[in-house]
Amino acid sequence: MFKYAIRRLLWLPVLMTVASLFVFTLGTYGPGDPVIVMMGARYNPETADRMRKELGLDRPFHVQYSEYMWNFVRGDFGESLRFRGQPVRDIILPKMWVSAQLALVATAIVVVLALPLGFYIAHRQGRWDDPTIVAIAVILGAIPIMVTVPSLLWFFCRYVKWIPCSGWGGIFDLRIVVPVISMGVFQIAGLLRLMRASTLDVMGQDFVRTARAKGLSIFQVDRIHVLRNALIPVVTVMAFSLAGLIGGSFITETIMGIPGIGRFVVESVFNRDYPVIMAVTLIGAAAFGLSTLLADIAYAMIDPRIRYDSESNLN
Amino acid sequence: MAVRELASVAEKRQRSRGHFARAWSRLLRKKLAVVCMVTLVVVYLAGIFAAWISPYGYQEQDYSHIRESPSVDISGGVGNFWNNSHIAGTDRAGRDIFTRILWGIQNTVLLTVVAMLTGALPIGLTLGLLAGYFGGKIDSLIMRTGEIAAVFPEFFMVIIIASTLGPRIREWVIWLEDNTFFDGLITSGFVDYIVISLALVSFGWIGLARLLRGQILYLRESQHIEAARAIGASTKRIMFLHLLPNAMSPILVSVTMGMGVFIGTEIFLSWIGLGIQPPRPSLGRMLLEAGNIGTLRNEPWMLFAPGFVAWILLLSWNLLGDALNDVFNPRTR
C-alpha cells in the first residue's frame, strides 16, 4: 500500500513534466505569436523584436523551458503576458480559490443528495418511486447547463426577485444558489445511479442474507453490512466527478460573471498568455493526479481486500 | 427456479441466432430504447436533410418578422403553412429559428458521427487491442500516453487544441485554395469540422482503449483463446476473430454513451466560440446568443428551442446506452 502510494507520487512529476512540455511546445512553436497579439494594431517589427528580447522569448527552447520549470518549482509562475508586470501567481490563485469553492459546494450538494437517495431507491426496487426518481434525475441531468443557468437566473432574479443577478460573494452569499442548483442538484444522476446499482449489488450478496438470518435488525444490516460495502465503488468515482465539474463551472462562471479561473483560462488561451496557461495546466494536473491517488488510497482503506502492491493491479 | 430454467431453455434455443441478433431482439422489446432510437433517427434525418426540410435559408433575414414568437400561419392555405410559418419563432435579424436549428443539428450530427467513426473508435480500438494483447512495453507506452492525455481536464484539452491548431489548419486550407483547384473550403465550414473533430478525438480514444485493453486482458487468458493458439491460429486471426468480437458488447455501450459526450462537447466548443463559426448556425452558438436574462424575458423561444433539441439528443443517447447496457449485462439491473 505504502509502496504503491510512493510509486504513484513519483509518477506524478513525470506526468507533469510531459504535460508541461506539451503546452510549452505549443506555446513556442504553435501558431499565434503572443507578442503580436499583445501589440495588436500598434504592431511594428522593431518594437516586437525588442519586446521579445525583454521577455526572453528569443532564447532557445530548452533554456526558456528549464528556467520556467526551475522558477515554477520555487513557486514563481512567471509574469503574465497579457497583464504586464503582474505575477501569474497573484492573478490566478484568488481565481482558483473561487472556482474551487464553487466546485466543492456543488460536489457536496451532489453527494448529500445522491448517496441517501440512491441508497433509498435501491430499497424500493420495483415500486413506483424507484423508477420515478431515477427518471427525474436523468431528465434533469441531460438539460444542457447553458440552458439551466440562464433559466434559473431569470427565475430567481427577475421572477421571484430573491437574489442579485450576477457576481460572486463567497459561499454564504445568496448568489451561490443558481450555481449550486445547476451544477449540484441537476447533476446528481450519475452518482445516484451508481449508488443505487452498488447498493443493489451488495444487497444481493450472501453475507447480507446471513446477517439477516442470524437475527440482526434491518437497520443494523443496512448500516453495517450494506451501506459500508455499497460506498466502496462510489468513492473512486467521486474524485473524477470533481474533475468533470470544471466544464460546467466554466459555463456558470461566464454567464453569472463569477471571477473564477474558467473564464480567465479561456481568455488567456485566446490571448496566447502562455505563462498563465502553463501554470493552470501544471496546478490542474497536480490536483487531478493527487485526487485520483487519494481516491485509490481511500478505496484500499475502505476495502481491505484491495491490495495495490502486486504488479497486475497497477492500472 | 422453474421459470429460470425455462428461460434458460429458451435462451439456448435462441443461441443459434448469435449474440448480437439476440441482443438486438432484446433491445427491441424495451419500449424506451425503441423510442430513443426512433427519436435519434428522426432528429438525425432532419439534420442530414436540412437543405430539403427547412422552410427558409439559414442566413435569410426577414425584417418584417423580427423576434416573432413561434406561430403557425395557415393564411396561405394548409398546403403552404410550412413555408409561411415560423414554428420555432424568429431571432433579432428575422431569421427562422427552426431552420437554423436544423442546420445546427446537421453540423452537430455530422461532426460527432465522423469524429467517432473515423477517429476515436478506430484509434481507441487499435491501441486498446495492441496494449491488451501484447502487454509489456507497448502496453505501458500506450497506457501512459493515455494517462498523460487524461491529466488535462477534457474541456481544457479541447480548448487548447481548438485554439492552437485551428488558425494553423486555416492557413493550410487557405494555401490549398490558392494553389490548387479546391475552392470554397473555408466557406463550407470544412476547417471548423477538422478542428472540432481533432479536439473530440483527442480525448475520445482514451476511454475506449482502456476499456478494450481490460477486456482483452481478461479474454486473453480464457480457454478458447488458448485452444485457438494451440491449433496454430495466427495472431491476426486470434485478434480479429476471437478477441475483438468477444469484447464488442461493452465497446458498443461505451460508444453509445460517448456519442452523448461528443455532442455535449461540440455544443460546448461552439458555445465558447471555438467551434462552428458564424454565420453557419450551430446549437452552441444559438444557446450562447440567447443565454441571458433579457433575451429570456422577451424571446424565450430563442433559448428553449435549441436547448430542447440538445436535451433530446443527449437524453436519447444516454438512455439508449443504458438500455444497451441492460441488454448486454442483464444481471446488473
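The values are calculated or read from the model by the stated rules, or taken from the named source; none is laboratory data. Predicted, not measured: the structure shown is a model, and the values here were computed from it. Heads up, the Cβs are rebuilt from the backbone with ideal geometry, glycines too, and the neighbour counts pull from every protein chain shown. Quick note on the areas: whole protein, heavy atoms, side chains included, nothing else; ligands and nucleic acids left out. Shrake-Rupley method; radii C 1.70, N 1.55, O 1.52, S 1.80 Å.
Here are some notes:
- Sites B:Phe134 and A:Asn71, calculated FRET efficiency, Cβ-Cβ separation with R0 30 Å, nearest 0.05: 0.15
- Choice from B:Pro279, B:Pro122, B:Pro306 showing the highest fluctuation, given a GNM over chain B with Cα pairs closer than 10 Å: B:Pro279
- Using every pair of distinct Cα positions in chain A, the Kirkwood expression returns a hydrodynamic radius of 22.8 angstrom.
- ³J(HN,Hα), Karplus 6.51/-1.76/1.60, whole Hz, each residue of segment A:40-51, x for Gly, Pro: x, 6, 8, 5, 9, x, 5, 4, 4, 4, 4, 5
- Ranked from largest to smallest solvent-accessible area, with a 1.4 Å probe on the protein heavy atoms, A:Arg52, A:Arg74 come out as A:Arg74, A:Arg52.
- Assuming charge only on the beta carbon of Lys and Arg (+1) and of Asp and Glu (-1), the dipole of the protein assembly as shown about its Cα centre is about 2280 debye to the nearest 20.
- For the protein assembly as shown: span of alpha carbons on each principal axis (Å, largest first): 81, 75, 60
- For chain A, built as a Gaussian network whose Cα springs stay under 10 Å, the top-fluctuating residue of A:Val98, A:Val37, A:Val88: A:Val37
- Lys pairs under 28 Å by Cα in the protein assembly as shown, provided they are eight or more residues apart or on distinct chains: 5
- Backbone phi angles across segment B:113-120, fed through the Karplus curve with coefficients 6.51, -1.76 and 1.60 (θ = phi - 60°), yield HN-Hα couplings of 5, 5, 4, 6, 6, 9, x, 4 Hz in residue order; Gly and Pro are listed as x.
- Cβ-derived FRET efficiency at R0 45 Å, B:Lys31 paired with A:Cys165, nearest 0.05: 0.55
- Cysteines in the protein assembly as shown lacking a second Cys C-beta under 4.7 Å: B:Cys36
- Choice from A:Tyr120, A:Tyr299, A:Tyr159 showing the highest fluctuation, given a GNM over chain A with Cα pairs closer than 10 Å: A:Tyr159
- Cα gyration tensor shape for segment A:184-234, rounded if a/c is under 1.5, else prolate or oblate: prolate
- Each of A:Ala100, A:Met278, A:Leu194 was scored by the projection of its Cα onto the charge dipole of segment A:89-302, and the greatest displacement toward the positive side belongs to A:Leu194; charges sit on the C-beta of Lys, Arg, Asp and Glu.
- By a 1.4 Å probe calculation restricted to protein chains, A:His62 has an accessible surface near 130 Å², given to the nearest 10.
- Considering helices alone, the calculated mean residue ellipticity of chain B at 222 nm is -22500 deg cm²/dmol, with DSSP H runs of length four and up weighted by -39500 (n - 2.57) and normalised per residue.
- Unit charges on C-beta of K, R, D, E only; dipole of segment B:132-230, Debye: 500 debye
- Degrees between helix A:274-302 axis and first principal axis of chain A (Cα, 0 to 90, nearest 10): 20 degrees
- Pairwise label distance in nanometres, A:Ile224 with A:Thr25, each label 7 Å out on the Cα-Cβ vector: 5.7 nm
- Stretch gain in nm, segment B:Phe240-B:Phe308, where the contour uses 0.36 nm per residue and the Cα spacing is subtracted: 20.4 nm
- Most to least packed among A:127-136, A:174-183 [average Cβ atoms within 10 Å]: A:174-183, A:127-136
- Separation of alpha-carbon centers, segment B:23-89 and segment B:119-182, rounded to whole Å: 35 Å
- For chain A, the 222 nm mean residue ellipticity estimated from helices alone, with every DSSP H stretch of n ≥ 4 adding -39500 (n - 2.57) and the total spread over all residues, rounds to -22500 deg cm²/dmol.
- Whole-Å distance, taken between Cα centres, linking segment B:221-273 and segment A:159-231: 32 Å
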